[in-house]
Amino acid sequence: MDARKKNPKGLKRKLPDDTSQKAFDLLSKMLIMKPEDRITVNEALEHPYLADLHAQMGVEPSCSEVFDSDFEERMKYTYNAQRLKELMYQEVQEYKFFLENKNHQNLGTTTEMDITDASMNA
């Protein structure tokens, strides 16, 4: 069986029950792990699920350069699945920390706008 026709394992169970067959078909073709087996951008844009979007767009923009996905090939020799999970977890934790500190700083910080408003009202 052609790898592009295989649905990612368990995808149907993870989607809402009312997911259209066209949406499921497009997602299953986009979520193939091997880039050479995955649907191309142009094929995805021509998929029936996006037909209404195309009708609204008129002329479809295109990219003149081919995207370099060599990093995917290099990454699989650099990191194993466990290390990638660890790095992703670390990234999420750092982002959470950033958001918490950003929110914390915004709660108690006097801004230039506050100072300007105070001096104008004095």
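The values are calculated or read from the model by the stated rules, or taken from the named source; none is laboratory data. Computed from a predicted structure; not experimentally measured. Note that each Cβ is placed from the backbone with ideal geometry, even for glycine, and that neighbours are counted across all protein chains shown. Calculation scope for accessible area: heavy atoms of the full protein, side chains included, ligands and nucleic acids excluded. Shrake-Rupley method; radii C 1.70, N 1.55, O 1.52, S 1.80 Å.
Computed quantities for the displayed model
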| item | result |
| --- | --- |
| Asp18 accessible area, 1.4 Å probe, all protein chains in place, Å² to nearest 10 | 130 Å² |
| Within the accessible area of the stretch 14-100 (1.4 Å probe), percent carbon and sulfur | 59 percent |
| Integer Hz, Karplus 6.51/-1.76/1.60 couplings in order for the stretch 20-35, x for Gly and Pro | 5, 4, 5, 5, 4, 4, 5, 4, 5, 7, 7, 9, 7, 5, 7, x |
| Packing rank of 94-100, 24-30, where each peptide gets the mean count of other beta carbons within 10 Å, highest leading | 24-30, 94-100 |
